[in-house]
Amino acid sequence: SEGKNVVVGRMDGKVVLVAGAGSSGPGWGNGKAAAVLYAREGARVLAADRSLKAADETRDIIRGEGGTCEAFAADVSRSADCAAMVAACVAAYGRLDVLHNNVGIAETGGPVEASEESWNRVIAVNQTSVFLTCKHALPVLLGGGGGAIVNIASVAAIRWIGFPYLAYSASKAAIVAMTQNMAVQYAPDRIRVNCVLPGLMDTPMIREPLTANYGGDVETMIATRNAQVPTGRMGDGWDTAHAALFLASDEARYITGAQLVVDGGFTLRA
Ligand code: NAD
């Protein structure tokens, strides 16, 4: 799906910073779809990504649709990059209303198989990055009188997803905890903090690595995963993006600290 929707300007006047706004392969990842959707709904977007090429692609799609977007290269596991990213957003648009933390990498392996390097990398990129982006973005949100933070976690925070994604699951559970903690802490400041827990999504991020677990056959991977979902299909980047849009928009003005599971019923199945 290209995520076509009726545009009603749900993000008119807002500035959204999407960290991880590119896609690690062809097609629509969660972050790329979210950045495009925010722009379609009227937001001015800063598309940040470790890969400038990936951020540029998202920017070009948004501009091609008549939207407003700047691309920025940042590795959000580095504090200095996060500071520069937020500064670039303020320089471009003069404000920030929504911080969307999409960055995440998946590496499988339990405590025996996974290397310490893998553990440290996943925690740094998935978990510490949320601390760092919030550290630098919150002063701007506070200065602007409020806003919203949307963190992309995963159902891996609360369920086994088929393979031992130990560090991944730990980092995503931490994102849920950080979301709840910051939601309470900043509620008096009119900053809402929510997270989305996508389920089994067919995105560029997982297509190749997961397919390796199914004898290298992508059709087998998709058929097997589809069969695990009550609604009969894996999700896609647009399913995640639409949930994030809702949480970021004023329609969710009374929602903070929430975990919005977007999984076609996957986690309800015994
Ligand atoms: P993606 O890999 O297509 O896009 C992620 C982007 O983040 C890439 O463009 C990559 O360059 C960028 N990135 C990676 N490390 C970075 C860093 N240190 N600093 C800045 N940018 C960095 O993935 P996606 O489809 O957009 O989804 C990503 C998010 O969704 C992750 O948080 C992931 O854990 C979560 N998620 C995905 C699934 C799924 O099945 N695809 C399920 C649940 C949750």
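Here are the numbers for the structure shown:
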read-out	value
Mean projection area, nm², convex hull over Cα of the chain	13.6 nm²
Segment His242-Lys135, length gained on full extension (0.36 nm per residue, minus Cα span)	35.9 nm
Radius of gyration, Dmax [region 137-270; alpha carbons; angstrom]	16.4, 52
Largest-first ellipsoid semi-axes for region 66-154, taking √(5λ) over the Cα gyration tensor eigenvalues, angstrom	29, 13, 12
Residues with amide H under 5 Å from that of Val261, placed H, sequence gap 5 or more	Leu197
With 5 Å bins from 0: P(r) over region 1-94, alpha-carbon pairs, percent	3, 16, 26, 26, 17, 8, 3, 0
Principal axes of region 7-47: Cα extent on each, largest first, Å	30, 18, 9
Spacing of the two label points (7 Å from each Cα toward its C-beta) at Val218 and Ala177, in nm	3.8 nm
Unit Cα scatterers, Debye sum, region 208-260: log10 I(q)/I(0) for q = 0.15, 0.16, 0.27, 0.31 Å⁻¹	-0.60, -0.64, -0.99, -1.12
Segment Leu142-Gln228, extension gain: residue separation times 0.36 nm, minus the distance between their alpha carbons	26.7 nm
14 Å reach of a label modelled at Ser115, 7 Å along Cα-to-Cβ, counting backbone N of region 15-47	none
Sequence of Leu46, Leu52, Leu166 once ranked by neighbouring C-beta atoms within 10 Å, starting from the fewest	Leu52, Leu166, Leu46
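A short reminder: the numbers here are calculations on the coordinates, not readings from a lab. Everything quoted here is computed from the prediction, not taken from an experiment. For neighbour counting, all protein chains shown are included, and Cβ atoms are generated from backbone atoms with ideal geometry for every residue, glycine included.
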